[in-house]
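The values are calculated or read from the model by the stated rules, or taken from the named source; none is laboratory data. Nothing here was measured: the structure is a model prediction, and the numbers come from that model. Positions of Cβ are backbone-derived with ideal geometry, glycine not excepted, and every protein chain shown enters the neighbour counts.
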Amino acid sequence: MRLVVVLRRTLLSLLAAAVLTVTGLAYWQAQGVLDGFTVSHALGGDAPRSDKGSMNILLIGLDSRKDQYGNDLPQGILDKLHAGDSSSGGYNTNTLILVHIGADDRVSAFSIPRDDYVAVSAIAGYDHIKIKEAYGLTKAQTEDELESQGVTDPAELEARGREAGREATLRAVRSLTGQPIDYFAEVNLAGFYDLAESLGGIEVCLNHDVYDEYSGADFPAGPQTLNASQALAFVRQRHGLENGDLDRTHRQQAFLLSVSHSLKAAGVFGNLDAFRDLIAVAHKDLVLS
């Protein structure tokens, strides 16, 4: 029931910062389009909640080269991502965007810098960490503890480790911001790529030429359409930008806005087949609370 409620108001804000109407999503729900997502229970029933009528949603972007089950991404996908192999990146949450939907349905959002320090008490050997590290460090510690208890199944270790990582990330964000979190969505690098590919490219406009060998970003100034591989490089670049990671968060916000505009322009919201295609892409990349 919790998942249905949030999807009725905010499914595409989770995917692409676009808020749909209750009436429209009620129709999609009736068509069974919204079934089949991987669901996390990391929030827990006793987590602090927003005042009635408002809602906070955390968007979590993992810098992981694995799928949501811990499997290595195919080499062909890794090549397109320009992001190294499956040993790179770990489970850092390099993207954290807190979206607030008020009782009047007005939407605001802000990005949390990945290198902000937060106090922790549940991770052995640390009292402060960068907020991006909460997920991966907790996941690794949890898996070690489970293995010491005799758990050997890789799928169980991955699933329980990830749930612990999500719980740690939610705690860290609440601690840093002082805000409750009502729902969250988690996506990996492949999710950004798949979304851009499903839309046939992303429209952006750059003020200056950019080049970054680490992310693969190599774009001239001015308006242009980025293919899926270029779009991922666009949201990942921080080297060569004046404000580094802060400029990267602006890129991520611009990406989400461009996706939202593309969805509206393509009439996806009123086309059942197109909406089903989008949801099919999201099923393999998105975890919802």
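Listing for the model above:
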| item | result |
| --- | --- |
| Filtered residues of the stretch 169-183 (kept if touching a residue at least 12 places away in the same chain (Cβ under 8 Å) and either surrounded by fewer than 20 Cβ atoms within 10 Å (Cβ to Cβ) or acidic (Asp, Glu) (or both)) | Arg171, Arg174, Ser175, Leu176, Thr177, Gln179, Pro180, Asp182 |
| Per-region count, the stretch 73-98, residues at pLDDT 80 or above and either in contact with a Ser or Thr (Cβ under 6 Å, 6 or more places away or on another chain) or surrounded by fewer than 13 Cβ atoms within 10 Å (Cβ to Cβ) (or both) | 3 |
| Where a residue in the stretch 143-157 is among the β-branched types (Val, Ile, Thr) and its partner, wherever it lies, is part of a helix (DSSP H, G or I), with Cβ under 8 Å and at least six apart | Val151/Leu157; Val151/Arg160 |
| Restricting the stretch 242-267 to residues that are aliphatic (A, V, I, L, M) and at pLDDT 70 or above, the residue that is surrounded by the fewest Cβ atoms within 10 Å (Cβ to Cβ) | Ala265 |
| Hits in the stretch 188-214 (condition: closer than 17 Å to Lys80 by Cα and of a type in the set (A, V, I, L, M, F, W, C)) | Leu189, Ala190, Phe192, Leu195, Ala196, Leu199, Ile202 |
| Condition broken by Leu195, with the remaining ones in (1) at pLDDT below 80; (2) assigned to a loop (DSSP other than H, G, I, E, B) satisfied | (2) |
| From Val151, Val107, residue being farther than 30 Å from Met55 by Cβ and β-branched (Val, Ile, Thr) | Val151 |
| Qualifying positions in the stretch 100-134 - farther than 20 Å from Arg162 by Cα, acidic (Asp, Glu) and surrounded by 11 or more Cβ atoms within 10 Å (Cβ to Cβ) | Asp105, Asp115, Asp116 |
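Every residue, every condition in (1) part of a strand (DSSP E or B); (2) at positive phi; (3) surrounded by 20 or more Cβ atoms within 10 Å (Cβ to Cβ); (4) touching a Ser or Thr at 6+ places or on another chain (Cβ under 9 Å), yes or no:
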site: Glu143; (1), (2), (3), (4): no, no, yes, no
site: Arg160; (1), (2), (3), (4): no, no, no, yes
site: Glu167; (1), (2), (3), (4): no, no, yes, yes
site: Ala185; (1), (2), (3), (4): yes, no, yes, yes
site: His208; (1), (2), (3), (4): no, no, no, no
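Conditions tested, residue by residue: (1) touching a helix residue (DSSP H, G or I) at 6+ places or on another chain (Cβ under 8 Å); (2) under 17 Å from His41 (Cα atoms).
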{"residue": "Glu147", "(1), (2)": "yes, no"}
{"residue": "Ala159", "(1), (2)": "no, yes"}
{"residue": "Gly165", "(1), (2)": "yes, yes"}
{"residue": "Ala168", "(1), (2)": "yes, yes"}
{"residue": "Leu176", "(1), (2)": "yes, no"}
